[in-house]
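Visitor: Supplied in structure tokens, the structure appears directly below.
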Amino acid sequence: LPVVAIVGRPNVGKSTIVNRIIGYRGAVVQDTPGVTRDRVAYPAEWNGRRFTLVDTGGWEVDVAGLDASVAAQAEIAVERADVVILVVDATVGATDTDERVVQMLRRSGKPVILAANKVDSRTQESDAAMLWSLGLGEPYPVSGLHGRGSGDLLDALLEVLPEVSAVANPLPADGPRRVALVGRPNVGKSSLLNQLAGEGRVVVNEIAGTTRDPVDELIEIHGRDWWFVDTAGIRRRVHKAEGADFYAVLRTQQALEKAEVAVVLVDASEPMTEQDVRVIQLAIDAGRALVIVFNKWDDVDEDRRLFLAREIEQELRRIEWAPMIRLSAKTGWHTNRLTRALDVALDSWDTRIPTGRLNAFLGEISAANPHPVRGGKQPRILFGTQISARPPRFVLFATGFIEHQYRRFIERKLRENFEFEGTPIEISVCVRE
Ligand code: GDP
């Protein structure tokens with residue numbers, strides 16, 4: 001299905017517009033906390049045309065106040081869309097941030113529909129007209145709150161919406177699988193890459209006639225090829241000394257964008273740090289399959305081992321679904337276990353559950369463990385559907401607010417039933433009030 005991304009600064013009213021478009025009057029959209037909060041996809045339909053609506057959650061303008069961060073967030077969203085809806089708050093007018101994003105959108109060459117939000121009455125339509133200055137063509141005045149104008153906006157969207165998505169699967173579906181080695185500096189990424197390349201061999205750096213990025217390396221391990229993406233930073237060790245956290249994050253995100261599975265390395269010989277946890281979160285946010293590697297195991301003594309077990313219990317409980325491997329990039333110990341873990345994680349990442357099976361499962365668990373009664377009402381899940389694989393994303397439609405705990409329960413049951421080892425899964429709930 002074609003993909004429509006909705007972008008805009010925080011508080012311009014994106015979510016209310018999203019709710020309008022997905023067609024649930026007064027809908028409340030719930031996302032699973034701690035899971036891919038910044039890109040949530042919904043099935044949408046207008047005049048018989050179906051598409052996937054991706055809510056980008058709003059770029060964080062105040063993260064270090066950096067222009068680059070603004071652009072990077074929006075750029076990733078735009079790369080993955082066929083059409084972009086830019087939401088601007090008409091009562092505020094075009095800000096500098098809006099203008100920078102417009103420049104980026106224009107460079108992307110993607111069709112952009114401009115939504116002038118918060119035009120709650122006819123008298124405010126002149127506010128919307130001011131936004132012609134952005135140079136994106138006609139601003140469509142809408143009121144997310146009252147639903148005003150969304151029909152015209154959607155009509156305009158359909159005019160530029162392609163029949164077939166050019167981006168829905170940006171990663172090649174065949175060929176060697178794509179792996180990103182990530183982790184904070186000095187955890188042993190380059191050592192592991194060298195160890196793996198040494199066991200097999202680096203097959204090529206560039207293949208004639210292909211446009212492969214030369215920073216990707218094809219490595220043969222036990223007779224099978226794997227792409228290790230974005231290895232330039234690992235090999236060259238750029239920016240390492242600069243301590244520029246922001247660039248480290250950006251680099252990691254870029255590598256993750258190109259990969260199907262993330263291998264997050266952690267130095268097992270040292271206490272785990274916040275940065276380790278953060279890199280893991282980046283991998284989850286990027287929606288990649290995930291394998292955790294505890295490296296430098298040759299340097300781990302009994303005390304450290306016990307302490308690490310406690311750290312894992314505390315810090316990594318949320319991701320107990322990820323395969324965890326102990327190895328030593330230096331000695332090569334257990335590095336042969338990596339590819340099996342990658343396969344397991346990628347299989348889960350690729351999983352598609354047929355709608356019939358999913359709803360049979362949902363029916364069973366809600367019959368056996370119904371949602372608790374709240375305020376005299378019992379929210380029920382009416383229907384669920386998996387809207388994508390890689391990673392698996394689910395949307396559940398419910399009659400009332402589904403509590404956090406119950407959503408976690410559903411996630412746990414989904415994992416138990418369908419073996420999602422090594423993949424994040426995303427569950428959104430649409431509520432009809
Ligand atoms: P990167 O910054 O993540 O690429 O980390 P490097 O591969 O450059 O490794 C950083 C340091 O850790 C180097 O001094 C390596 O020799 C050392 N190192 C990497 N892997 C291991 C390991 O398995 N065991 C031990 N003892 N040291 C390691």
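The values are calculated or read from the model by the stated rules, or taken from the named source; none is laboratory data. As the structure is a computational prediction, the values presented were derived from the model and not from experiment. Neighbour counts run over all protein chains shown; Cβ positions are idealised from the backbone, glycine included.
Visitor: Might you let me know whether the range 205-216 holds any residue that is more than 16 Å from the ligand (Cβ to nearest atom), of a type in the set (A, V, I, L, M), at pLDDT 90 or above and surrounded by fewer than 19 Cβ atoms within 10 Å (Cβ to Cβ)?
Guide: Looking through the range 205-216, none of the residues is more than 16 Å from the ligand (Cβ to nearest atom), of a type in the set (A, V, I, L, M), at pLDDT 90 or above and surrounded by fewer than 19 Cβ atoms within 10 Å (Cβ to Cβ).
Visitor: I'm checking my understanding of the structure. Among residues of the range 283-334 that are at positive phi and crowded, with 18+ Cβ neighbours inside 10 Å, which one is nearest to the ligand (Cβ to nearest atom)?
Guide: Once the filter is applied, the top-ranked residue is K296.
Visitor: Filter the range 108-128 down to residues that are at pLDDT 85 or above and more than 11 Å from V142 (Cβ to Cβ) and give me whichever is surrounded by the fewest Cβ atoms within 10 Å (Cβ to Cβ).
Guide: The residue in question is G109.
Visitor: Determine which member of the set A341, A322, A262 is closer than 17 Å to F420 by Cα, part of a loop (DSSP other than H, G, I, E, B) and modelled with pLDDT of 95 or more. Break it down stepwise before answering.
Guide: On the way: A341 fails: part of a loop (DSSP other than H, G, I, E, B); A262 fails: part of a loop (DSSP other than H, G, I, E, B).
The conditions single out A322.
Visitor: Every residue in the range 393-416 that is at pLDDT 90 or above, more than 22 Å from V291 (Cβ to Cβ) and surrounded by fewer than 21 Cβ atoms within 10 Å (Cβ to Cβ), please.
Guide: Scanning the range 393-416 gives Y406, F409, K413.
Visitor: Another question, then. Would you pick out the residues in the range 71-104 that are modelled with pLDDT under 85 and closer than 15 Å to A5 by Cβ?
Guide: The answer is A71, A72, Q73, A74, E75, I76, A77, V78, E79, R80, V101, M104.
Visitor: A further question follows. Give the range 259-281 a look and list any residue that's buried (at least 18 other Cβ atoms within 10 Å of the Cβ) and either within 21 Å of V54 (Cβ to Cβ) or in contact with a Ser or Thr (Cβ under 7 Å, 6 or more places away or on another chain) (or both), or say none.
Guide: Those that are buried (at least 18 other Cβ atoms within 10 Å of the Cβ) and either within 21 Å of V54 (Cβ to Cβ) or in contact with a Ser or Thr (Cβ under 7 Å, 6 or more places away or on another chain) (or both): A259, E260, A262, V279.
Visitor: Quick one: which of A360, A329 is of a type in the set (G, A, S) and more than 28 Å from the chain's Cα centre (by Cα)?
Guide: Every option except A329 fails the conditions.
Visitor: Now for a separate question. In the range 71-120, how many residues are assigned to a loop (DSSP other than H, G, I, E, B) and closer than 24 Å to R148 by Cβ?
Guide: First pass over the range 71-120, keeping only residues assigned to a loop (DSSP other than H, G, I, E, B): 80-82, 90-95, 109-111, 118-120.
Add one more test, that the residue is closer than 24 Å to R148 by Cβ, and what stays is 90-95, 111, 118-120.
Selection size over the range 71-120: 10.
Visitor: Would you tally the residues in the range 381-411 being polar (S, T, N, Q), farther than 17 Å from G363 by Cβ and in contact with a Ser or Thr (Cβ under 9 Å, 6 or more places away or on another chain)?
Guide: 1
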